Amino acid sequence: DGGITQSPKYLFRKEGQNVTLSCEQNLNHDAMYWYRQDPGQGLRLIYYSQIVNDFQKGDIAEGYSVSREKKESFPLTVTSAQKNPTAFYLCASSGTGEWQPQHFGDGTRLSIL
Amino acid sequence: GNSVTQMEGPVTLSEEAFLTINCTYTATGYPSLFWYVQYPGEGLQLLLKATKADDKGSNKGFEATYRKETTSFHLEKGSVQVSDSAVYFCAFRGGGGNKLTFGTGTQLKVEL
């Protein structure tokens, strides 16, 4: 079955440590996205990529970095510069065209030790 | 700027009650509109969509009609079940680019 796989499901970070969240899709989608979700709030866009080797900052990119070396993969690194990283992180992908919906993974919950 | 406004939750209903979750949007042009559902501990699943004015999206007994004149996309279901308990997000995509603009979500609780 086609879909989006995020790993790990739960992740713990120590103060001052960088961590990388994995996102892989086999839907052959060109565009991929990373969102952050905090309790009681909507989704906020961190980074997005519309094509391999290209990506743009979203609304809350500070303290995060991404790469898009392969069409299938869009890893997100939460750096030590992100002062409040505890959240639920969601990866999504979509085809091009404004009528195309985004398809989401099951998320990674990041907590600080 | 672009934005989505949803009614605040939680919305608590008895099983078989009628559901309406209001959603209005502010956008340029003619966006595509979506409703997503999130069950506890999971990602978002597409529930339904509409891509032009007067379109009605429907799925699993849920419906929403794209009302351009009122810039609204209200979600309705005639008879909710306990299994419908989840958080519902209204979103639109348009105005150039592939980004989705989300509302803050409405939590629905359905009780026996």
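Looking across region B:18-40 at every residue that is assigned to a loop (DSSP other than H, G, I, E, B) and touching a strand residue (DSSP E or B) at 6+ places or on another chain (Cβ under 8 Å), the one that is nearest to the other protein chains (Cβ to nearest Cβ) is identified as B:31.
Just one of the listed residues (B:9, B:29, B:1, B:43) is under 30 Å from residue A:8 (Cβ atoms), at pLDDT below 95 and over 15 Å from the mean Cα position of the chain (by Cα), namely B:43.
Restricted to region A:78-103, and to residues there that are within 14 Å of residue A:65 (Cα to Cα) and of a type in the set (Gly, Ala, Ser), the residue that is farthest from the other protein chains (Cβ to nearest Cβ) is A:80. Can you find even one residue in region B:3-12 that is among the charged types (D, E, K, R), over 25 Å from residue A:107 (Cβ atoms) and assigned to a loop (DSSP other than H, G, I, E, B)? Scanning region B:3-12, I find no residue that is among the charged types (D, E, K, R), over 25 Å from residue A:107 (Cβ atoms) and assigned to a loop (DSSP other than H, G, I, E, B), so the answer is no.
Looking only at residues of region A:30-57 that are among the small types (Gly, Ala, Ser) and under 15 Å from residue A:89 (Cα atoms), we find that the one that is nearest to the other protein chains (Cβ to nearest Cβ) is A:42. Being closer than 22 Å to residue A:95 by Cβ, facing chain A (nearest Cβ under 10 Å) and at pLDDT below 95: is that true of residue B:100 here? Yes. Yes or no: region B:83-97 includes at least one residue that is more than 30 Å from residue A:47 (Cα to Cα), modelled with pLDDT of 95 or more and surrounded by fewer than 17 Cβ atoms within 10 Å (Cβ to Cβ). The answer is yes, given that some residue of region B:83-97 is more than 30 Å from residue A:47 (Cα to Cα), modelled with pLDDT of 95 or more and surrounded by fewer than 17 Cβ atoms within 10 Å (Cβ to Cβ). With respect to the conditions (1) in a loop (DSSP other than H, G, I, E, B); (2) more than 14 Å from every other protein chain (Cβ to nearest Cβ), residue B:109 falls short on a single one, namely (1). Applying the criterion of being of a type in the set (A, V, I, L, M) and over 14 Å from the mean Cα position of the chain (by Cα) to the residues of region B:12-26, the residue that is surrounded by the fewest Cβ atoms within 10 Å (Cβ to Cβ) is B:17.
Only a single item in (1) touching a residue at least 40 places away in the same chain (Cβ under 8 Å); (2) under 23 Å from residue B:34 (Cα atoms); (3) within 11 Å of another protein chain (Cβ to nearest Cβ) is not met by residue A:27, and it is number (3).
The values are calculated or read from the model by the stated rules, or taken from the named source; none is laboratory data. If you're wondering where the values come from, they're calculated on a predicted model, not measured in any experiment. Counting neighbours? That spans all protein chains shown, and the Cβs are built from the backbone with ideal geometry, glycine included.
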